[in-house]
Amino acid sequence: FWDFLILFFCLPVVIFNEITKKRLLGDVSCRIVPFMEVSSLGVTTFSLCALGIDRFHAATSPQASARPIEQCQSILAKLAVVWLGSMTLAVPELLLWQLARDTPPASGPAAEHCAMRPWAQLPESIYSLVLTYQNARMWWYFGCYFCLPVLFTVSCQLVTRRVRGPDKGGECRAGKHGQGEGHLNCTIIALTATYALCSTPENVCNLVAAYMSPDMSKQTLDLLNLINQFFLFFKCSVTPVLLLCLCRPLGQAFMDCCCCCCEGCGPDSASSQSSADSKLKTEMSSSIFFDKPRETPPPLLGLGTPC
């Protein structure tokens, strides 16, 4: 859902700015777009960590095959912690960015862009905190939003395999529960790999821009920023598709919802109705079959009474 918000709101703003050199929604988009992008990184990071903990708990549970389905309230509580924590950590982005205008050329309007400058009207204590965040932003990105999910997922997978052992893993693969656990582990690994591949260029560009920005032109810095935006949008586009393809129950549920919402699900409903009718006929025939032995004994002869 958060990836959908990024594609629905941030992508049109960035494209509009690249085409017209004007910022859609002005100063508001300069603050909201970085806030949503950093919040997206936090949501992905903490979700991967939560999934790694869940897989470890499933592997170390004494009755893994008989685990009860988690209650909806518990899932919503975890999602609230992930989302609220990610949005709280991204609050400094709202105070860091401002709308700036370049010096207009001889003919043509001034180009607008977002500059990383803390507000001068902020209180002194908050201004110092935002300035500290700006100076440590690159390493905060690299440590919290790149190293943490990758190392955490890899560590959970290694510990899980260590706890299971080779014998338990072979036994689990033989059953349906083991296959389901294997699909979930592959899904988490694929999501982490996709996130790492899409985040690596952004971190490299941030390092280059931080240490070589005095020797680089504004066009080069804008190009690096555009590359960061592209990989973020690519990650937001690929992650839902990857999740639906690898997680079979979720993908099947999604396809069922899509078929129920479109008009072309008439044959599917007819086939399901026919299958239901055939199942009903089978049950009726089986009940008739099981009732036949009751009629096989010959009727008792009358003994001179009306009964």
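The values are calculated or read from the model by the stated rules, or taken from the named source; none is laboratory data. Here the structure is a predicted model, which is why all the values come from computation and not from measurement. Quick reminder, even Gly has a Cβ in these numbers, built from the backbone with ideal geometry, and neighbours come from all protein chains shown. Heads up: the accessible areas ignore ligands, DNA and RNA and are worked out on the full protein's heavy atoms, side chains in. Shrake-Rupley method; radii C 1.70, N 1.55, O 1.52, S 1.80 Å.
Taking only pairs six or more apart or across chains, which ones have beta-carbon atoms under 9 Å, a first residue in region 234-259 that is outside any helix (DSSP H, G or I), and a second residue that is hydroxyl-bearing (Ser, Thr, Tyr)?
Qualifying pairs under 9 Å: CYS247/THR187.
To keep it simple, each residue is scored yes or no on (1) small (Gly, Ala, Ser); (2) modelled with pLDDT under 80.
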position	(1), (2)
GLY175	yes, yes
GLY180	yes, yes
THR194	no, no
VAL204	no, no
ALA210	yes, yes
VAL238	no, no
PRO249	no, yes
CYS259	no, yes
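Would it be correct to say that VAL130 is modelled with pLDDT of 85 or more and over 27 Å from the mean Cα position of the chain (by Cα)?
Taking the combined requirement at face value, the residue satisfies it.
Can you list residue pairs whose Cβ atoms sit under 7 Å apart, with the first residue in region 185-213 being closer than 30 Å to ARG161 by Cα and open to solvent by 30 Å² or more (accessible area, probe 1.4 Å) and the second being in a helix (DSSP H, G or I) and not β-branched (Val, Ile, Thr)? Count only pairs 6 or more apart in sequence or on different chains.
CYS186/LEU246; ILE189/GLN157
Among the listed residues GLU112, GLU37, identify the single one that is open to solvent by less than 50 Å² (accessible area, probe 1.4 Å) and modelled with pLDDT of 85 or more.
Criteria check complete, one pass: GLU37.
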